[in-house]
């Protein structure tokens, strides 16, 4: 089709305007932040941030640090994969942190052992009939919790047309209430060994494995399936999507259900990894997940972004937290810098958008 | 009804409460024919189009399209029957590229897995190129996002939908209202290509020069009624203006006015 590479009138095509994937910019930012910590590390601490300069690991990298960087973001990262889809569709989900809390409590109470060191389980929620259940039971119960929360969010948003912000804010408060009411505020502990594997299996790499696997799966789904295409279309121009025959309401319900179930999965991994569930689990996770997506280039106005971007955003998050620990700076500074980076990412996105529409 | 009629409306009427927006419209479009609908704002042009594209349902009257009486329950219905509309407000998703937009809501898939069906990008790209070729629409790079395109290119993408889906009737609602001189010329060229390939068209336009350049017949609406049905050869712009403003009414429509 070489004859279509020139236009009539003023419609000429300039190859230099070919789209440069935004993910490369974010990857550049990640490399830049690592470099800053390397330089600061060399100047202030006299050691390398990511590289193994003291021969402790027998490889060129500081493997311990790499593991911590990715492990500490993988649980919130699982949530962020769902939040990414919600934001691309033009919505927002504030309920994921509370859904983590409620799901952790409910799932954990179906994952308890009958006896601890020869004594009856002191944290038992249900009677003996609900002890030592196969691991599939708490997993299914947990995912069902996420499904119900997502379904309520989605139905409210799609059919009552209340803003996603309000609907999910309501769910955020409600689900936190459920988490506290479930065991009257008591933590639930002593899970079965098989449940404990969800967060501790594969030599502790299980959360990372689940996060990366889901990220790859949903990156492919968003890019190569009808579901993905419609998610972008609805976030880009909801009226156009409706006029094109997309069942917008039904699709939105599906998006929020997937987000709810991913939050529930994060709750299973988190409670399993900690071997306990508490009503306060997951507080502020929704904001961290949104921040990861935004840093990763997911546009809050909808229609743009990718799971790969969110994964890079999550890694930027992890690098900053590890970097501050590495430099032995106070945790207070971490939060301040995190806040500044979130705002900076949105400002950059706005600037880029204006620049793109001008050419 | 003869075989060469693609669209006929009989006594098509739409009332919004007490407002008679469209009253007893009898309209005929033959295959391969290009007809302009003219009239002042509020004359009933858009109401007429909304009935035949399924956006609204008429109060009374019949729509016969392609030989079959139709009752469209929505725009998707009309589109599936073969009526493709280029809306004044472009129904395009800015963050998607050209094939994505053309196939929005009717994607080609490799395997049917419900919402998770795998998209057949290659087939959609090839169909897009064929459609663009047929309309002589030139878009430099079909993988460019709509956001990065000019108004003319966007309009061309919207028009190219028609050719891609072998629609039986194209309706354009002021397709060049927001375009510059060169872009308008390009859209008009596409309309001429449609004429050459025998695709019927209903064009709503306020631009007298454009109408006389492009169409075979002009139908004038005034105050919800059709007041004139003029062959281009037998009329001139002053005449059409007289019908639009109400200075004249077609002989066969005397009772309506």
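Each reported figure results from applying straightforward, stated rules to the coordinates on display, with no laboratory input. On a predicted model such as this, the values are computed, not experimentally measured, just so you know. Using ideal geometry, Cβ is built from the backbone for each residue, glycine included, and neighbour counts are taken over all protein chains shown.
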Legend entry - Label point distance in nm, residue B:111-residue A:287, each placed 7 Å from Cα along Cα→Cβ: 4.3
Inset, instruction - Pull out a ≥ b ≥ c, the square roots of the eigenvalues of the alpha-carbon gyration tensor of chain A, then state rounded if a/c is under 1.5, prolate if not and a/b is larger than b/c, and oblate in the remaining case. - result: oblate
Inset, instruction - Before anything else, pin down the relative contact order of segment B:5-253: Cα pairs under 8 Å, at least 6 apart, normalised by residue count, whole percent. - result: 26
Inset, instruction - With label points built 7 Å along Cα→Cβ from the Cα atoms of residue A:325 and residue A:350, find their separation and express it in nm. - result: 3.4
Inset, instruction - Quickly work out the residue A:25-to-residue A:275 label distance, labels modelled 7 Å from Cα along the C-beta direction, and quote it in nm with one decimal. - result: 4.6
Legend entry - Part-to-part distance (alpha-carbon centres) for segment A:124-159 and segment A:24-52, which is given in Å: 42
Legend entry - Relative contact order %, segment A:111-224, counting alpha carbon pairs below 8 Å whose residues are six or more apart: 30
Inset, instruction - If a/c stays under 1.5 just call it rounded; otherwise compare a/b with b/c (prolate if a/b is bigger, oblate if not). Do that for segment B:1-140, with a ≥ b ≥ c from the square roots of the Cα gyration tensor eigenvalues. - result: prolate
Inset, instruction - Note the angle between two axes, namely the Cα long axis of helix A:331-358 and the longest principal axis of the Cα atoms of chain A, as a number of degrees from 0 to 90, rounded to the nearest 10. - result: 30
Legend entry - Theoretical FRET efficiency, 1/(1+(r/R0)^6), r = Cβ-Cβ of residue B:231 and residue A:32, R0 60 Å, to 0.05: 0.30
Inset, instruction - Using Cα centres only, tell me the gap between segment A:183-249 and segment B:22-40 in whole Å. - result: 51
Legend entry - Peptide A:238-248, shielding by other chains (average Cβ, 10 Å cutoff): 6
Inset, instruction - Within 10 Å, count the other beta carbons around each residue, average over each peptide in B:195-201, B:22-28, and list them highest first. - result: B:22-28, B:195-201
Legend entry - Highest-fluctuation residue, A:157, A:88, A:221 considered, GNM on chain A with Cα pairs under 10 Å: A:221
Inset, instruction - Determine the gain in length on full extension of the stretch residue A:193-residue A:119; use 0.36 nm per residue of separation and subtract their C-alpha separation, reporting nm with one decimal. - result: 25.0 nm
Inset, instruction - Just the number, please: percent antiparallel of the DSSP beta bridges in the protein assembly as shown, rounded to the nearest 5. - result: 65
Inset, instruction - Calculate, for residue A:220 and residue A:44, the FRET efficiency according to 1/(1 + (r/R0)^6) with r their C-beta to C-beta distance and R0 30 Å; round to the nearest 0.05. - result: 0.10
Legend entry - Shielding score for B:144-150, defined as the mean number of other chain Cβ atoms within 10 Å: 4
Inset, instruction - Pull out a ≥ b ≥ c, the square roots of the eigenvalues of the alpha-carbon gyration tensor of the protein assembly as shown, then state rounded if a/c is under 1.5, prolate if not and a/b is larger than b/c, and oblate in the remaining case. - result: prolate
Inset, instruction - Select from A:199, A:323, A:46 the residue whose mean-square fluctuation is largest in a Gaussian network model of chain A (Cα-Cα springs shorter than 10 Å). - result: A:46
Legend entry - Candidates B:188, B:84, B:126, ranked by Gaussian network fluctuation over chain B, Cα under 10 Å, top entry: B:126
Inset, instruction - Would you mind calculating the relative contact order of chain A from Cα pairs under 8 angstrom and at least 6 residues apart, reporting the percent as a whole number? - result: 29
Inset, instruction - Would you mind checking the tilt of helix A:22-40 against the longest principal axis of the Cα atoms of chain A, expressed as 0 to 90 degrees and rounded to 10? - result: 70
